[in-house]
Amino acid sequence: MPVSPHQARTLRHRTWVAFLVVPPIAFMSLFVVYPILSAFAYAFYEWRGLARGEFVGLANFNEVLFGATMAPVVWNAFSHNVQALIALMIIQNGGGFLLAWLLYKEPFGFRFHRVAVFVPVVLSTIIVGFLWKLFLNPNFGLVNQALFSLGLGSLAKPWLGDPSTALGALILANAWHFIGFPTVVYLAGMQRIPTDIIEAARLDGTSEWQLLKNIVWPLVAPSTTILFTLLFIGAFNWFEIPYVMAGLDGSPFGNTDVLGLVFYRTAFGNQSASIQNFGQGSALATLIFLFIVVFASMLTLWLRRREIQL
Amino acid sequence: MNPDSTSRPISFSFLVQIILIANSFIMLYPVVVMVFSAFKGTAEIFEHPFAVPDFTQVQNFSRVLGETSMPTYFVNSIVVTGISIVLIIVLGTMAGYAIARYESRTNTFILLFFLAGLMLPLKLAVIPLFILLRDLGLLDTRWSLIVTYTAIGLPSAVFIMAGFLRSLPSELEDAARIDGASEPRIMWSVMLPLALPPMAIAAIQNAVPIWNDFFFPLVFIQTDAYKTLPQGLTTFMGEFTTDWGMLFAGLTIAAAPITLLYIALSRQFIQGMTAGAVK
């Protein structure tokens with residue numbers, strides 16, 4: 001069949017476009033789409049080590065949510081994820097908002113302070129975790145040493161060994177690591193507010209608090225939406241800080257156990273009991289995934305609607 | 001107006017200064033102590049934790065570099081991060097260019113496909129990924145990390161590149177087309193030289209999380225010779241638990257490259273790392 005020059009050109013054009021889009025799509029399909037779809041399927045099978053066994057329906061989900069051995073561990077961990085989420089929303093995102101407001105005023109040295117607050121953000125979570133683990137050491141750690149030298153020795157504690165302070169210490173280490181992120185994002189949001197709005201409010205004699213509450217906070221609502229959604233996803237994927245600072249079992253006595261640690265122990269075992277259960281691990285991952293997707297979309301929708309209202 | 005209102009701004013800005021200085025102190029002092037302690041022996045750290053050390057005492061550093069696997073971890077991190085970033089930029093630019101510059105009915109579908117990749121945490125699909133990599137014979141190699149990081153970073157690069165390339169005027173292309181330049185030639189010689197800044201943003205945005213990642217090496221890598229810095233650091237910390245001088249030297253060496261790079265390029269880092277959250 002003779003090929004017209006026009007047809008030849010379209011064919012060549014199509015081949016060129018295909019050359020551009022097919023490799024990235026093939027890569028994503030193989031290493032993202034296929035694993036995620038399989039993750040759902042795996043949860044419905046029994047696994048013996050790395051080999052897939054019988055189809056077992058919802059048995060794995062049942063064990064994870066209601067079973068005698070898994071369920072108490074899962075729910076205990078879940079409650080810690082929720083606590084971390086709430087605490088970090090206040091300390092990390094709330095603190096970041098206030099810091100951003102102070103930097104927005106461009107006081108003396110604000111460039112230095114903006115660079116300083118972001119330094120921990122670039123560090124690896126592993127470095128941050130080990131650093132604070134050493135600082136919180138009961139005998140030789142910087143924190144207790146500082147308390148003793150200030151005459152506050154009675155406040156010194158084995159922070160990571162005491163069930164009442166361990167989770168809080170992990171949350172504070174995380175806040176130290178990441179507070180620069182919401183700070184910088186909020187700062188960028190504030191810099192997009194037209195300055196005449198803020199100046200007009202100032203001329204009207206609006207107090208600092210009123211200005212912050214009634215003008216700045218509503219106008220940075222898009223930043224709030226994205227920061228709260230990211231924190232939500234991060235809080236339910238929390239893994240590195242607890243792993244490094246409290247260990248794979250969430251010591252002391254499961255007081256710092258989180259879903260990420262439970263998932264890792266279930267799927268890949270641990271030193272003390274090297275049992276691998278891919279079925280239950282997949283079921284737990286699927287549940288965490290669905291929880292994140294459902295709540296994160298609800299949260300985003302709600303925050304978006306709030307953006308429009310404000 | 002009350003009589004206080006003239007003095008209030010001064011005391012207020014004083015308070016602002018106090019808070020910002022205190023905050024920067026809290027952010028930086030732990031890092032400073034880490035570096036100071038790296039120059040001390042363990043006994044000195046325990047007795048004088050806050051003292052400024054003798055900076056000529058570099059035994060800890062030479063031991064970390066000479067007696068441990070830290071240099072190997074270092075090289076692995078550079079290789080894994082470097083190859084991943086190149087793949088992310090190349091594949092991301094290809095897809096982004098096609099989406100941005102060629103009208104097609106499938107464009108929306110392709111964009112949504114990558115958007116889904118941006119939203120899904122691949123961490124939770126680590127079990128099937130583990131089995132897939134084992135079947136491909138990539139488990140416990142550096143390639144297992146490279147393909148995983150490329151898959152995670154690709155969607156964001158597609159978005160950054162498509163967003164930028166779409167904003168370029170079509171006159172550029174048309175002029176070259178009239179001159180008889182082929183499509184690949186237009187892409188390579190006309191459009192891409194203009195697209196270096198968004199490539200840098202996409203590179204930084206992905207390089208920092210890849211360089212710092214711990215989870216995937218923990219699951220995929222067993223062999224010490226293939227470990228990257230964060231994972232190698234946990235091995236190292238386990239070996240020297242009581243030698244605090246060594247621990248702090250190890251942490252300092254692991255933190256140094258990215259911290260120094262950040263100090264030199266802080267604007268680009270902040271812009272790149274918040275690129276997804278700041279529109």
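The values are calculated or read from the model by the stated rules, or taken from the named source; none is laboratory data. Please read these numbers as outputs of a predicted model, since none were measured by experiment. Don't worry about glycine lacking a Cβ; one is built from the backbone with ideal geometry, like all the others, and counts go over all protein chains shown.
Do you know which residues across segment B:6-43 are more than 8 Å from chain A (Cβ to nearest Cβ), buried (at least 17 other Cβ atoms within 10 Å of the Cβ) and not aliphatic (A, V, I, L, M)?
B:PHE36, B:SER37, B:PHE39, B:LYS40, B:GLY41, B:THR42
Which of (1) surrounded by 13 or more Cβ atoms within 10 Å (Cβ to Cβ); (2) more than 30 Å from A:ALA235 (Cβ to Cβ); (3) touching a strand residue (DSSP E or B) at 6+ places or on another chain (Cβ under 7 Å) is the odd one out, the single condition A:PHE44 does not satisfy?
(2)
If A:ASP257 satisfies every condition in (1) of a type outside the set (Phe, Trp, Tyr); (2) closer than 26 Å to B:MET237 by Cβ; (3) facing another protein chain (nearest Cβ under 10 Å) but one, which is the exception?
Going through (1) of a type outside the set (Phe, Trp, Tyr); (2) closer than 26 Å to B:MET237 by Cβ; (3) facing another protein chain (nearest Cβ under 10 Å) one by one, A:ASP257 breaks only (3).
Which residue out of A:GLY95, A:GLY67 is surrounded by fewer than 20 Cβ atoms within 10 Å (Cβ to Cβ), out of contact with any Lys or Arg (no Cβ under 8 Å at 6 or more places or on another chain) and closer than 30 Å to A:MET190 by Cα? Walk me through it before giving the result.
Values: A:GLY67 fails: closer than 30 Å to A:MET190 by Cα.
Exactly one residue qualifies, and that residue is A:GLY95.
Residues are listed down the side, and each one gets a yes or a no for (1) more than 9 Å from chain B (Cβ to nearest Cβ); (2) of a type in the set (Val, Ile, Thr):
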{"residue": "A:ALA51", "(1), (2)": "yes, no"}
{"residue": "A:ALA77", "(1), (2)": "yes, no"}
{"residue": "A:LYS105", "(1), (2)": "no, no"}
{"residue": "A:THR125", "(1), (2)": "no, yes"}
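Is it the case that segment B:84-105 has a residue that's basic (Lys, Arg), at pLDDT below 85 and assigned by TED's automatic domain parsing to the domain that holds B:GLY163? Quick ask: steps written out before the conclusion?
Looking only at segment B:84-105, we keep the residues that are basic (Lys, Arg), and these are B:101, B:105.
From what's left, at pLDDT below 85: B:105.
After this cut, where a residue has to be assigned by TED's automatic domain parsing to the domain that holds B:GLY163 as well, the list is B:105.
There is at least one residue in segment B:84-105 that is basic (Lys, Arg), at pLDDT below 85 and assigned by TED's automatic domain parsing to the domain that holds B:GLY163.
In segment B:44-58, is there at least one residue being facing chain A (nearest Cβ under 8 Å) and either surrounded by 17 or more Cβ atoms within 10 Å (Cβ to Cβ) or of a type in the set (Asp, Glu) (or both)?
Taking segment B:44-58 first, the residues facing chain A (nearest Cβ under 8 Å) are B:45-46, B:49-50.
Adding the requirement that they be either surrounded by 17 or more Cβ atoms within 10 Å (Cβ to Cβ) or of a type in the set (Asp, Glu) (or both) leaves B:45, B:49.
Yes: segment B:44-58 contains one or more residues that are facing chain A (nearest Cβ under 8 Å) and either surrounded by 17 or more Cβ atoms within 10 Å (Cβ to Cβ) or of a type in the set (Asp, Glu) (or both).
Within segment A:291-310, which residues are within 10 Å of another protein chain (Cβ to nearest Cβ) and closer than 15 Å to A:PHE40 by Cβ?
If we filter segment A:291-310 for residues that are within 10 Å of another protein chain (Cβ to nearest Cβ), which is where we start, we get A:292-293, A:296-297.
Selection gives A:ILE292, A:VAL293.
Could you tell me whether A:ALA175 is of a type in the set (Gly, Ala, Ser) and either touching a residue at least 24 places away in the same chain (Cβ under 8 Å) or within 25 Å of A:THR224 (Cβ to Cβ) (or both)? Can you show your working first?
Values: of a type in the set (Gly, Ala, Ser): yes; either touching a residue at least 24 places away in the same chain (Cβ under 8 Å) or within 25 Å of A:THR224 (Cβ to Cβ) (or both): yes.
Answer is yes for this residue.
Would you call A:ALA87 touching a helix residue (DSSP H, G or I) at 6+ places or on another chain (Cβ under 6 Å), closer than 30 Å to B:PHE12 by Cβ and away from every other protein chain (no Cβ under 13 Å)?
Values: touching a helix residue (DSSP H, G or I) at 6+ places or on another chain (Cβ under 6 Å): yes; closer than 30 Å to B:PHE12 by Cβ: yes; away from every other protein chain (no Cβ under 13 Å): yes.
In short, yes.
If we keep just the residues of segment B:128-144 that are within 12 Å of chain A (Cβ to nearest Cβ) and touching a residue at least 60 places away in the same chain (Cβ under 8 Å), which is surrounded by the fewest Cβ atoms within 10 Å (Cβ to Cβ)?
B:LEU139
If you take the residues in segment B:101-119 that are over 19 Å from the mean Cα position of the chain (by Cα), within 9 Å of chain A (Cβ to nearest Cβ) and hydrophobic (A, V, I, L, M, F, W, C), which one is farthest from B:GLU171 (Cα to Cα)?
Within segment B:101-119, the match that is farthest from B:GLU171 (Cα to Cα) is B:ALA116.
For segment A:138-166, which residues satisfy the criterion of being touching a residue at least 12 places away in the same chain (Cβ under 8 Å) and out of contact with any helix residue (DSSP H, G or I) (no Cβ under 7 Å at 6 or more places or on another chain)?
A:ASN144, A:LYS157, A:PRO158, A:GLY161, A:ASP162, A:PRO163
Search segment A:18-34 for residues that are within 7 Å of chain B (Cβ to nearest Cβ) and more than 13 Å from B:PHE114 (Cα to Cα) and pair each with any residue that is small (Gly, Ala, Ser) and assigned to a helix (DSSP H, G or I) when their beta-carbon atoms are under 7 Å apart and the residues are at least 6 apart or on different chains.
A:LEU20/B:ALA95; A:LEU20/B:ALA98
Please state which of the following conditions B:LEU122 fails to meet, knowing it meets all the rest: (1) in the same structural domain as B:THR234 (by TED's automatic domain parsing); (2) in contact with a helix residue (DSSP H, G or I) (Cβ under 8 Å, 6 or more places away or on another chain); (3) surrounded by fewer than 18 Cβ atoms within 10 Å (Cβ to Cβ); (4) modelled with pLDDT under 90.
Only one criterion in (1) in the same structural domain as B:THR234 (by TED's automatic domain parsing); (2) in contact with a helix residue (DSSP H, G or I) (Cβ under 8 Å, 6 or more places away or on another chain); (3) surrounded by fewer than 18 Cβ atoms within 10 Å (Cβ to Cβ); (4) modelled with pLDDT under 90 is unmet by B:LEU122, namely (3).
Has segment A:183-195 got any residue that is at negative phi and at pLDDT below 90? Write out each step before concluding.
Residues of segment A:183-195 that are at negative phi, as a first pass: A:183-195.
Within this subset, residues satisfying the condition of being at pLDDT below 90 are A:195.
Scanning segment A:183-195, I find at least one residue that is at negative phi and at pLDDT below 90, so the answer is yes.
Kindly check whether there is at least one residue in segment B:187-207 that is within 30 Å of A:TYR42 (Cα to Cα) and under 21 Å from the mean Cα position of the chain (by Cα).
First pass over segment B:187-207, keeping only residues within 30 Å of A:TYR42 (Cα to Cα): B:206.
If we keep only those that are under 21 Å from the mean Cα position of the chain (by Cα) too, we end up with B:206.
For segment B:187-207, residues within 30 Å of A:TYR42 (Cα to Cα) and under 21 Å from the mean Cα position of the chain (by Cα): present.
Here's the yes/no breakdown for (1) surrounded by 17 or more Cβ atoms within 10 Å (Cβ to Cβ); (2) of a type outside the set (A, V, I, L, M, F, W, C):
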site	(1), (2)
A:TRP159	yes, no
A:ASP162	no, yes
A:ALA173	yes, no
A:HIS177	yes, yes
A:LEU187	yes, no
A:GLN191	no, yes
A:TRP217	no, no
A:LEU230	yes, no
A:TRP238	yes, no
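With within 26 Å of B:ALA264 (Cβ to Cβ) and either in a helix (DSSP H, G or I) or hydroxyl-bearing (Ser, Thr, Tyr) (or both) as the only criterion, which of A:LEU131, A:LEU167 stands out? Outline the logic, then answer.
Working: A:LEU167 fails: within 26 Å of B:ALA264 (Cβ to Cβ).
Of A:LEU131, A:LEU167, the one residue that is within 26 Å of B:ALA264 (Cβ to Cβ) and either in a helix (DSSP H, G or I) or hydroxyl-bearing (Ser, Thr, Tyr) (or both) is A:LEU131.
Does A:THR224 meet the test of being within 10 Å of chain B (Cβ to nearest Cβ), β-branched (Val, Ile, Thr) and on the phi < 0 side of the Ramachandran plot? Don't jump to the end; show me each part of the working.
Numbers: within 10 Å of chain B (Cβ to nearest Cβ): no; β-branched (Val, Ile, Thr): yes; on the phi < 0 side of the Ramachandran plot: yes.
Spelling it out, it is not the case that A:THR224 is within 10 Å of chain B (Cβ to nearest Cβ), β-branched (Val, Ile, Thr) and on the phi < 0 side of the Ramachandran plot.
Is it the case that segment B:233-242 has a residue that's buried (at least 22 other Cβ atoms within 10 Å of the Cβ), touching a Ser or Thr at 6+ places or on another chain (Cβ under 9 Å) and under 27 Å from A:GLU240 (Cβ atoms)?
Yes, because at least one residue in segment B:233-242 is buried (at least 22 other Cβ atoms within 10 Å of the Cβ), touching a Ser or Thr at 6+ places or on another chain (Cβ under 9 Å) and under 27 Å from A:GLU240 (Cβ atoms).
How about segment A:178-285: which helices (runs of 4 or more DSSP H) wholly inside it have at least 2 residues that are among the β-branched types (Val, Ile, Thr) and over 23 Å from A:ALA43 (Cβ atoms)? Even if it seems obvious, please write down each step before you answer.
Values: elements: A:180-191, A:195-203, A:208-211, A:221-236, A:240-246, A:259-268.
Result: A:180-191, A:195-203, A:221-236, A:240-246.
Among the residues of segment B:243-264, which ones are within 21 Å of B:ASN212 (Cα to Cα) and touching a Ser or Thr at 6+ places or on another chain (Cβ under 6 Å)?
The answer is B:PHE248, and nothing else.
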